[in-house]
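One structure is given below, encoded as structure tokens.
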Amino acid sequence: MKFRGLLAAVVVLTALGGAAWWSEKKEKANAGKPSADAPPKILSIPDTDFQQIQLAKKSGDTTLLKKANGKWQIVAPKPLAADQDSVNSLVSSLSSLSSDRLIEDKASDLSSYGLNSPAEQVAVTRKDGKVERLLVGDDTPTGAGVFAKLENDPRVFTIASYAKSSLDKTSKDLRDKRLLTFNSDKLIRVDLSSKGTLEFGKNNQNEWQILKPRPLRADGLQVDELVRKLKDAKMDTSGSDEDAKKAVAGFSTGVRVAVAAVTDAGGTQQIEIRKDKDKNFYARSSAVEGIYKTTSDLGDGLDKGLDDFRNKKLFDFGWNDPSKLEVRNGPTQATYQKSGEKWMSGPKQMDAPSIQALVDKLRDLTSVKFLDAGNGSAVFEVTVTANDGKRVEKASIWKQGASYYARREGEPAVYQLDTKAVEDMQKVANEVKEFQPPKSGKK
């Protein structure tokens, strides 16, 4: 009896093992195959195979895009530069378009789906000349999807509403909306006429400088922000034809806010910004045809004058700590030279934190006002040598009344400095001391 029971157990285990082996083998064989319940693909076209896309609306609005030399262009309803990201997003939606459900294998009455007179037809021409035409019909009764089919396929599907939205585009949606198309990496000059006439250029260190109305140090961050606003300047294409007419009228009667010009290796482009009585901003660019409503961010960003772009810091060394300081504080003179991680004054090693405190105070000296002229007997002079030894900056500070003023060597501009900032800096300069090795703690 015991033997028979053992034999039965062996048979059962063998059967279970065989079933498990067969199940695993079947799973491996089906790996990568679409599930029978998976919604069928409607379109499957490699992105690189797209050569032309036509979007035809029931209303008669038709947009035609063609690819040339790897770039998409709008050729109808009129030639326009295309927004490559927007068109590539459209291509991505079409290249792998899945259905939500298969409604009919062989539909005999397309009118019940709105496919006899579709709301939109999307025709994709491939590199080999083959055309795939997608018909997009009515919304489903629940409103969660849309009926769709391929022109030469009898099957009717539903696609998600978001899929329809990704295809429901016009030339307004797909055009390049940039008002200026310059290459910011190759920019060599920027001109701005707003609160005065300004010109910016790059020096040998690839840093922005003010060239007009006269050579001055520029705040590179502020010039970069100006360039960013010009680079990001976009036209508003969401309005109607009536809105377009209002933009033309608003520009023609508006007050000029600014004219900016940018020059790169490809030439010069110009944009003019005006503001109407209702504080709406409009733009006209040499890079694109027409007049467009634009943002207040652009208008306000260009409505600036000389002092907005001047470098208000007395020193340029920024966050790169210097390698040498030559300081005259009243009758006291000292030179501090960095050697490896140590600060030295002649043969003496100096206390690094006290010198770092002085460096920080020098870095923070900022103009509160600019003057065209002025001079006085210096109460503090400092020469700062950069880490690489190539940039040397020298400044003199003097006191007149209760205020402190400074001038950089080789520059005519006078910087009025914050009184407390100067006095704090002088105090820290007096507190620079020699290095004291830590005590051993032994008695």
Mean separation of Cα contacts under 8 Å (6+ apart) over length of region 280-396, as relative contact order %: 26
Degrees, to the nearest 10: 220-231 long Cα axis against longest axis of the chain: 30
Carbon and sulfur %, accessible surface of the chain computed with the full protein complex present, 1.4 Å: 50
Sequence-distant lysines (8 or more away, or on other chains) whose Cα lies within less than 16 Å of Lys420: Lys313, Lys361, Lys369, Lys399
All-pairs alpha carbon distance profile, region 141-252, 10 Å steps from 0, percent: 10, 25, 20, 18, 13, 9, 5, 0
For Asp49, net neighbour charge (Lys/Arg +1, Asp/Glu -1) across residues whose Cβ lies under 13 Å away: +1
Rounded tilt (10° steps) of 84-95 against the dominant C-alpha axis of the chain: 20
Distance between region 356-383 and region 388-407 - C-alpha centres, whole angstrom: 4
Asp297-Lys342 pseudo-label distance in nm [points 7 Å out on the Cα-to-Cβ vector]: 5.3
Convex hull volume per residue in cubic angstrom - Cα atoms of region 51-152: 120
Accessible area per residue in Å² at 1.4 Å probe, computed on region 297-443: 56
Mean Cα-pair separation over length for region 330-443, i.e. relative contact order, pairs under 8 Å, 6 or more apart, %: 28
Over region 141-201 - Rg/Rh using Cα atoms and the Kirkwood inverse-distance radius: 1.40
Distance between modelled label sites at Asp185 and Arg214, nm, 7 Å Cα→Cβ extension: 3.8
Nearby lysines by direct alpha-carbon distance to Lys58 (threshold 23 angstrom, same-chain neighbours under 8 apart not counted): Lys66, Lys78, Lys149, Lys164, Lys169, Lys172
Expected 222 nm ellipticity per residue - DSSP helices of 4 or more, -39500 (n - 2.57), all of the chain, to 500: -8000 deg cm²/dmol
Residues Ser96 and Asp264, FRET efficiency given R0 of 41 Å [Cβ-Cβ distance, rounded to 0.05]: 0.65
Dimensionless Rg/Rh of region 342-401 - Kirkwood Rh, Rg from C-alpha atoms: 1.03
Region 72-227, relative contact order in percent, only Cα pairs under 8 angstrom and at least six apart counted: 18
Kirkwood Rh and Cα Rg combined as Rg over Rh, evaluated for the chain: 1.23
With Cα atoms, 0 to 90° folded angle of helix 352-364 axis to the chain main axis: 80
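The values are calculated or read from the model by the stated rules, or taken from the named source; none is laboratory data. Fair warning: this is a prediction, and the values are worked out from it, not measured in the lab. For neighbour counting, all protein chains shown are included, and Cβ atoms are generated from backbone atoms with ideal geometry for every residue, glycine included. Calculation scope for accessible area: heavy atoms of the full protein, side chains included, ligands and nucleic acids excluded. Shrake-Rupley method; radii C 1.70, N 1.55, O 1.52, S 1.80 Å.
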